[in-house]
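The numbers here are math on the coordinates, done by the rules we state, and not lab data. It should be emphasised that the depicted structure is a prediction, and the values quoted were computed from it without experimental measurement. Counting neighbours? That spans all protein chains shown, and the Cβs are built from the backbone with ideal geometry, glycine included.
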Amino acid sequence: MKTLVLESMPKNFWEIIINNGWEKYFFSESDLPEQEVEILIIRTKTRFSQKMLDHYPRLKMIIRAGSGYDNIDIDAVRKKDVIVCSTPEANKTAAFEHTISLIMALLKRHNQAQRAISDSTWKDNLQPCWEFSEIRALIVGLGRIGTMVAETLQILGAQVRGVDPYLNDDEMLAKGVRKIDYQQGLCWCNLISFHCPLTLETVGYFNSASLKSLNDPVWLINAARGGIISKEIYQDPLYDKYILGIGLDVYEKEPCSISDLPQKQNIIYTPHIAAFTRPARMKLVTETLKTWESYVFHNEVYGEIDYRFTYK
């Protein structure tokens, strides 16, 4: 099947294609007429809309090299019976590790500590660091990454509860996590880590109303999707009272500059690097090509989208 690669892929992607003798199947945008494209491989930059879909009348499959489907008009492709797949295993370890690193950096006040050295104030004005035994963590989304984060936090001594409307109590317990309603969780927790897709239900999931639901100040972590934490919280008068610190790796508009972001000293920003590791990049390549090979040569679908979600 003629496959169009719309975005840059790591070098070893093309090396594997050549080693397997698959060159005749793969094309760049300039080498293949749109009406002949049967499979598309995209990453995060391509916004696949109804307008784009109209350009590819023979399209059978979209492979999103990465996790999530925020950049694809799911309703449009469903109506055309186009299969949509991703590479859900590729970045799970890297994203899990990055999440834990953000949590540790917040609890141990790395941002403030570095400023204390720069300001020559040493630790005179620092608040005490936290230990994991003090943490009541609410994990929103118990998929691959959220489950690993929940397991690790419990090993480190934290209490953990989970929010996932697509898992029943038994399925949640099988993951070693007690299920809780989101609103009840907000009342209970002092740390929230988001691991859910960006859907119509999760846009602005943590907002000013969420601040009002808290009983205790919280640490917030979002390495999932920009837009889950609403911008309105940064101007809310309750922010200073209820936000201990925030760790962000994802943003509504990417790339962004520091001038685009809230100027709060208790926020740690990283430039969407949760999956930016050598092993994750290698797994992204192999999983993308495994998905492609399974469909083209064995008529099997690997890593298909979960249509229980209503994607934004």
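So what's the back-of-envelope 222 nm ellipticity for the chain, counting only DSSP H runs of four-plus at -39500 (n - 2.57) apiece and dividing by all residues, rounded to 500?
Taking each H run of at least 4 residues, the total per residue is -9500 deg cm²/dmol.
Relative to the Cα centre, what is the charge dipole magnitude of the chain, using +1 at the beta carbon of each Lys and Arg, -1 at the beta carbon of each Asp and Glu, and rounding to the nearest 20 debye?
300
Arrange the peptides 69-82, 109-122 so that the one whose residues have, on average, the most other Cβ atoms within 10 Å appears first.
69-82, 109-122
For the pairs 123/231; 241/264; 60/92, flag any whose C-alpha to C-alpha distance is greater than 22 Å.
Flagged as over cut-off: 123/231; 60/92.
Could you point to the residue in 197, 121, 159 farthest towards the positive end of the stretch 92-269's charge dipole, with +1 and -1 charges on the Cβ of Lys/Arg and Asp/Glu respectively?
121
Among 53-59, 19-25, what's the highest-first ranking by average C-beta atoms within 10 angstrom per residue?
Ranked by mean Cβ neighbours within 10 Å, highest first: 53-59, 19-25.
Relative to the present Cα-Cα distance, how much length would full extension add between residue 15 and residue 241 at 0.36 nm per residue of separation?
76.0 nm
Any chance you could check the Cα centroid distance between the stretch 204-228 and the stretch 2-43 for me, in angstrom?
Comparing the Cα centres of the stretch 204-228 and the stretch 2-43, I get a distance of 40 Å.
Leaving out same-chain residues fewer than 8 places away, which aspartates and glutamates sit with a Cα under 15 Å from that of residue 179?
Candidates past the 8-residue exclusion: 151, 164, 169, 170, 171.
Count the DSSP beta bridges whose two residues both fall in the chain, then state the antiparallel fraction as a percent rounded to the nearest 5.
So the antiparallel bridges in the chain amount to around 5 percent.
Please list the helices of the chain that count as membrane-span-like by this rule: a mean Kyte-Doolittle hydropathy of at least 0.0 together with Cα atoms stretching 20 Å or more along the helix axis, each helix being a complete DSSP H run.
92-107
Using only Cα positions of the stretch 1-140, each an equal point scatterer, no hydration layer, compute I(q)/I(0) via Debye at q = 0.11, 0.15, 0.18 Å⁻¹ and quote the log10 values to two decimals.
So the normalised log intensities are -0.62, -0.81, -1.02.
If packing is taken as the mean number of other Cβ atoms within 10 Å per residue, what is the order of 198-206, 27-35, 236-244, highest first?
The densest-packed peptide leads the list: 198-206, 236-244, 27-35.
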